[in-house]
Amino acid sequence: MIPSPRMIARSVLPALMLTAPAAQAQTEAETARFDQLVARFQTATIVGVPSIADCILSGGTKSLCFKITTVAAPSDHITGPFCPRTISDTAEQGGTWFVDGKVRDVDGAFIANLAEIYGDDAWQMYDPETGEIYRRGEEIGCIVAGDPHNETGQPDNICVDCELGYIGTTVTQTYFIPLTPVAATDISGRIGPDSGIGLAFNGVKFDAPAPMDLILGGHTLGPFDDCTGHINPHTGYHYHGVTDGCGARISADVDGHADMIGVAMDGFDIYARLGADGAEPDDLDACRGHDADGLGYHYHVNAAAENQVIGCFTGQTGCSTGDPDAICDASARRGPPRP
Ligand SMILES: [Zn+2]
Ligand SMILES: [Zn+2]
């Protein structure tokens with residue numbers, strides 16, 4: 001239920017004038033990286049063709065980026081369900097939620113026990129007479145999912161349910177990811193509320209942490225599905241965690257190492273959390289990266305319930321945007337934190 005607060009208004013200028021010419025001055029290494037990324041994202045639902053574009057990274061560095069536009073829906077697994085309908089619904093009829101560092105099933109009993117789970121009697125998300133859960137679904141569910149800041153009559157105690165069928169098929173995300181990572185400055189390595197964390201090989205965004213305090217403060221829930229993803233009309237379907245069995249994986253070039261699952265917004269590769277031995281690497285830095293195993297510097301994701309796919313960015317980030325015609329200046333967006 002992360003909104004996309006950075007709504008870039010579409011320009012009234014013809015699209016042709018906004019499209020940067022294909023950047024030409026790449027090195028052999030950059031060309032090779034571009035070709036590698038094109039191959040890795042071949043299973044995503046891509047709009048147009050990936051290209052090399054000029055970009056300004058979060059620390060102000062002018063660079064060349066891998067530019068790709070994907071349909072904001074997974075190419076390789078179903079989405080939902082999210083909200084159960086009654087307090088007797090099973091785990092199969094609902095989604096998941098993060099509570100105290102664990103991924104919990106949002107079944108009927110979970111909704112019935114919210115006051116106890118959160119120690120707050122103001123939780124009452126179902127009709128005590130009928131057991132029916134107070135849910136906002138269909139179009140209105142997506143409107144609320146896209147704007148939890150909306151204070152215009154949004155009632156307390158609702159389960160927000162935005163299904164893929166209600167956001168249309170035109171929601172896309174466009175990513176500018178540096179072909180050559182550039183070291184972050186302090187601020188340019190932070191994960192902001194309006195920056196994605198990366199892109200999974202199935203075309204789905206690894207999004208910034210879900211604003212749990214904001215959601216829970218209004219006694220609302222925006223449940224994830226069993227892949228710890230959910231939908232809003234700005235970002236489409238997006239992940240807040242990485243769950244086994246969800247999304248394409250590519251075997252690492254090193255035996256026993258965790259599989260590769262996507263690329264981060266600073267251009268480093270993202271791998272699953274655990275290697276073949278069932279353990280996570282013991283030398284990860286604060287961003288959850290390490291330079292090991294003959295794979296170059298790369299990240300390993302957090303446990304899903306941490307609500308933070310990686311810890312921070314080692315490199316300067318590019319851009320993700322809902323506007324396929326936007327140009328990328330990631331340094332321009334670094335204002336004060338949003339409320
Ligand atoms: Zn979200
Ligand atoms: Zn590793």
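Anything in segment 270-289 that is closer than 9 Å to His300 by Cα and without any contact (Cβ under 8 Å) to a residue 40 or more places away in the chain? List them, or say none.
Tyr271, Ala272, Arg273, Leu274, Glu280, Pro281, Leu284, Arg288, Gly289
Checking the structure you have, find out if any residue of segment 135-142 is surrounded by 13 or more Cβ atoms within 10 Å (Cβ to Cβ), at pLDDT 95 or above and of a type outside the set (D, E, K, R).
no
Answer with yes or no whether Leu114 is in contact with a strand residue (DSSP E or B) (Cβ under 6 Å, 6 or more places away or on another chain) and either over 30 Å from Ala330 (Cβ atoms) or modelled with pLDDT of 95 or more (or both).
no
How many residues does segment 23-66 contain that are open to solvent by 60 Å² or more (accessible area, probe 1.4 Å), within 23 Å of Ser331 (Cα to Cα) and touching a residue at least 60 places away in the same chain (Cβ under 8 Å)?
1
Going residue by residue through segment 209-221, is there one that turns out to be open to solvent by 10 Å² or more (accessible area, probe 1.4 Å), among the acidic types (Asp, Glu) and away from ligand 1 (no atom under 15 Å from the Cβ)?
The answer is no, given that none of the residues of segment 209-221 is open to solvent by 10 Å² or more (accessible area, probe 1.4 Å), among the acidic types (Asp, Glu) and away from ligand 1 (no atom under 15 Å from the Cβ).
Consider Asp253 carefully, then state whether it is more than 16 Å from ligand 1 (Cβ to nearest atom) and at pLDDT 95 or above.
Here the answer is no, as Asp253 does not meet what is asked.
Between a residue in segment 235-255 that is within 16 Å of ligand 2 (Cβ to nearest atom) and any residue that is modelled with pLDDT under 95 and of a type in the set (Asp, Glu), which pairs come within a Cβ distance under 6 Å, given they are 6 or more apart or on different chains?
Going by the 6 Å Cβ cut-off, the qualifying pairs are Val254/Asp293.
Being among the β-branched types (Val, Ile, Thr) and free of Cβ contacts under 8 Å to residues at least 12 places away in the same chain: is that true of Thr228 here?
no
Evaluate segment 65-81: report whether one residue or more is more than 26 Å from Gly236 (Cα to Cα), touching a strand residue (DSSP E or B) at 6+ places or on another chain (Cβ under 7 Å) and modelled with pLDDT of 95 or more.
No, that holds for no residue.
Of the conditions (1) buried (at least 18 other Cβ atoms within 10 Å of the Cβ); (2) within 20 Å of Thr45 (Cβ to Cβ), Ile250 satisfies every one except a single condition; which number is it?
(1)
The values are calculated or read from the model by the stated rules, or taken from the named source; none is laboratory data. Fair warning: this is a prediction, and the values are worked out from it, not measured in the lab. All Cβ positions, glycine included, derive from the backbone under ideal geometry; neighbour counts span all protein chains shown. For the accessible areas, the whole protein counts, side chains as well, though only heavy atoms, and no ligand, DNA or RNA atoms are used. Shrake-Rupley method; radii C 1.70, N 1.55, O 1.52, S 1.80 Å.
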